[in-house]
Amino acid sequence: MAHLPPVDTFDYIVFGGTGDLTMRKLLPALYYRFRDGQVPTDARIIATARSPLSREEYQARAQQALHDHIPASALEADTVSRFINLLYYVSLNGAEAQSNWADLRALLDREPATRIRVYYLATSPALYGQICENLSKQGLVTEQSRVVLEKPIGTDLDSANAINDSVGRHFPENHIFRIDHYLGKETVQNLIALRFANPVFERLWTSDAIDYVQITAAETVGVEGRGAYYDNKSGCLRDMIQNHLLQVLCLVAMDPPVSLDADSVRNEKLKVLHALKPINPSEVAIYTSRGQYMRGHVNGQTVGSYLEDLGEGVTSETETFVALKAEILSWRWGNVPFYLRSGKRMAEKCSEVVIQFKSAPWTIFANKPAANRLIIRIQPDEGVMLSVSTKDPTPTDSLTLREADINIEFEKAFNIRYPDSYERLLLDVVRGDPILFIRRDEVEAAWKWIDPILQGWSKNEAPLEPYPAGTWGPEGARNLLAQSGHLWHEDMK
Ligand code: BG6
């Protein structure tokens, strides 16, 4: 990648510095940006965690993490060693007022207080409030300080409000960066470019031309080692739909913002969230389908059920799959269903948006033209595909039609490596650019819509349906669309 100008120098202070997110995502992302010349050579990355490690021990762990998560071809020995030199470690329990704050303060005080400080909370959200309070009491929240919050922000509206209130007591809203890593994906940002730079799409982006929309984020992995968190506090609705899929929905459905200024974009997204038709607890059987994976086959391998993944003798009603029908009460989207779907242990790893256009009202051809379909592939194989009807070139007596695709594959078209979403987001925080982060009112509006669905499910208004691992989910998901004569993308092929 071309060398980009560096951002202003900074200290990145990571709470949860020995955790999985830091090792798997944050350090590799910062390494790539360092290698591309965007991280100043005097920047510091200060990891904190409870383990009593020396700086050298932490650096050794970090180096191993880079080797585990970055292809060898991108790891030049000299660059790795210069990057590792940026790392510091302070053994500290951020949630405890009496912990070793003096060491962190001493380290931070080595640089002027005007230096940008990013406090990245890669810990349990239950600790966010206490960590922020301790930072504040220790006098470590300077004018140039920002805080980054990982999801989940709460498990419902009330708990989200409690977290936001506790952080908001110590940081102003414009210094709070709530990460949704889907917004860091190039192809998700590309939705804005595709829609608002191409009149050919935007003119058709209404219920006049669009029949229905599908947004899918399917994974082949199971809960892996996260069973305890996923089962107790999450499930698919909270883990994927409340944040990632609703954010993608907002970008697909929002009106054109007046500018690319963060608040203009976020105001438009918020209007979409406010316009979502509520799904009341008694209606969940009509609008939602939820499932849990059983034993099955993924990529040719036999895999266990969700319950087996949780451990022996465990029972659980937690959903690992959700499909739902959302409606947006607006002039633009009246009568256009937005089907959202996400699940673990599905047939393929695939995140995409499918815009199904309406059929031609009449045909002069021997066969009816298929309705156009625009597919925006978020991952993998990032790209955009438009299906069109063309003349069937095989010799026949009449002029018959055949479907073909106009297909752009971004990696091939632009010949670049697609960066991981964290690479973009981590330095946006340093730049103080919140466009790809979630504002508090968006989090609240999303929970307000999700809460009644959770309530309906807790009363068992929509039964949990099992589905074999390696499939596209339970039968209920198919029925959700069949009621309106619609099909999921894989059933159209
Ligand atoms: C995370 C969820 O936010 O997103 C995980 O907590 C999920 O459960 C992951 O696996 C999916 O992200 P991606 O980028 O692989 O689609």
Label-to-label distance, nm, for residues given as S166 and D42 (7 Å Cα→Cβ offset): 3.7
Using a cut-off of under 20 Å, list every residue of the stretch 457-493 whose amide N is near the label point 7 Å from the Cα of Y418 along the Cα-to-beta-carbon line. 489-490
Antiparallel bridge percentage (DSSP; both residues within the chain; nearest 5): 55
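When the dipole is taken about the Cα centre of the stretch 10-150, and only Lys, Arg (+1) and Asp, Glu (-1) are charged at their Cβ, what size is it in debye, to the nearest 20? Present the calculation step by step, with values, prior to reporting the outcome.
Details: 15 positive and 16 negative charges, 23 e Å.
Using only the charged Cβ atoms, the result is roughly 120 debye.
Below 8 Å, C-alpha to C-alpha, sequence gap of six or more: please give me the relative contact order for the stretch 10-150 in percent. Intermediate results must be reported in sequence, preceding the final value.
Details: 194 pairs, mean separation 44.6, N = 141.
With pairs under 8 Å counted, the relative contact order is 32 percent.
Test of understanding: ordering H489, H244 by Cβ neighbours within 10 Å, fewest first, what list do you get? Please report the intermediate quantities before stating the final value.
Values: H489 18, H244 23.
Going from sparsest to densest Cβ surroundings: H489, H244.
If we count other beta carbons within 10 Å of each Cβ, what is the order of D261, D36, fewest first? Mind showing how you got there, number by number?
Details: D261 11, D36 15.
By the 10 Å Cβ count, ascending, the order reads D261, D36.
Can you list which of the trypsin sites (Lys or Arg not before Pro) found in the stretch 296-367 are DSSP loop residues with at most 15 other C-beta atoms within 10 Å? Before the final figure, lay out the partial values.
Numbers: sites: K325, R332, R341, K344, R345, K349, K358; in loops: R332, K344, R345, K349, K358.
Counting only loop positions with at most 15 other Cβ atoms within 10 Å, the trypsin sites (Lys or Arg not before Pro) in the stretch 296-367 are K349, K358.
Hey, got the dipole for the chain? About the Cα centre, +1 on K and R Cβ, -1 on D and E Cβ, debye to the nearest 20? Walk me through the numbers on the way to the answer.
Working: 52 positive and 64 negative charges, 74 e Å.
Here the size comes out at about 360 debye.
Let's test the formula: R0 of 41 Å, r as the Cβ-Cβ distance of H297 and D68. What FRET efficiency results, to the nearest 0.05? Please report the intermediate quantities before stating the final value.
Values: r = 27 Å, r/R0 = 0.67.
With a Förster radius of 41 Å, E is 0.90.
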Nearest-20 debye value, the stretch 315-376 charge dipole, Cβ charges on Lys, Arg, Asp, Glu: 220
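Determine, for W362, W447, the number of other Cβ atoms within 10 Å of each Cβ, and report the residues in order from fewest to most. Before the final figure, lay out each step's value.
Numbers: W362 6, W447 24.
Fewest-to-most Cβ neighbours within 10 Å comes out as W362, W447.
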Ordering 215-227, 68-80 by per-residue average of other C-beta atoms within 10 angstrom, highest first, gives 215-227, 68-80
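Only sites in a loop by DSSP and with at most 14 other Cβ atoms within 10 Å count here; which GluC sites (Glu not before Pro) in the stretch 300-365 make the cut? Before the final figure, lay out the partial values.
Working: sites: E308, E312, E317, E319, E327, E348, E352; in loops: E312, E317, E319, E327, E348.
Answer by residue number: E312, E317, E348.
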Run the simple label-point estimate for S159 and A193 please: 7 Å along Cα→C-beta, distance reported in nm. 3.8
Obtain the nm distance between the two label points defined at M492 and F201 by a simple spin-label model: each point lies 7 Å from its Cα along the Cα-to-C-beta direction. 1.5
Given the pairs K233/K349; K325/K448; K233/K344; K25/K185; K277/K325, which span a C-alpha to C-alpha distance of over 18 angstrom in this model? K233/K349
Förster radius 25 Å - calculated FRET efficiency between D405 and T363 (Cβ-Cβ, nearest 0.05): 0.75
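Below 8 Å, C-alpha to C-alpha, sequence gap of six or more: please give me the relative contact order for the chain in percent. It would help to have the intermediate numbers written out before the result.
Working: 911 pairs, mean separation 88.8, N = 493.
That works out to 18 percent.
Among the chymotrypsin sites (Phe, Trp or Tyr not before Pro) in the stretch 387-430, which ones are in a DSSP loop with at most 12 other Cβ atoms within 10 Å of the Cβ? Mind listing them?
Values: sites: F410, F414, Y422; in loops: none.
Qualifying residues, ordered by number: none.
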Partner lysines for K391 [C-alpha distance under 21 Å; skip if fewer than 8 residues away on the same chain]: K358, K368, K493
Linear extension gain, A126 paired with L75, 0.36 nm per residue minus alpha-carbon span: 14.8 nm
Mean ellipticity per residue at 222 nm, deg cm²/dmol - from DSSP H runs of n ≥ 4 across the chain, formula -39500 (n - 2.57): -9500 deg cm²/dmol
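Readers should treat all values here as calculations from the given coordinates under stated rules, not as data from a laboratory. Model, not experiment: these values are computed from the prediction. With ideal geometry, Cβ positions are generated from the backbone for all residues, glycine too; neighbour counts draw on all protein chains shown.
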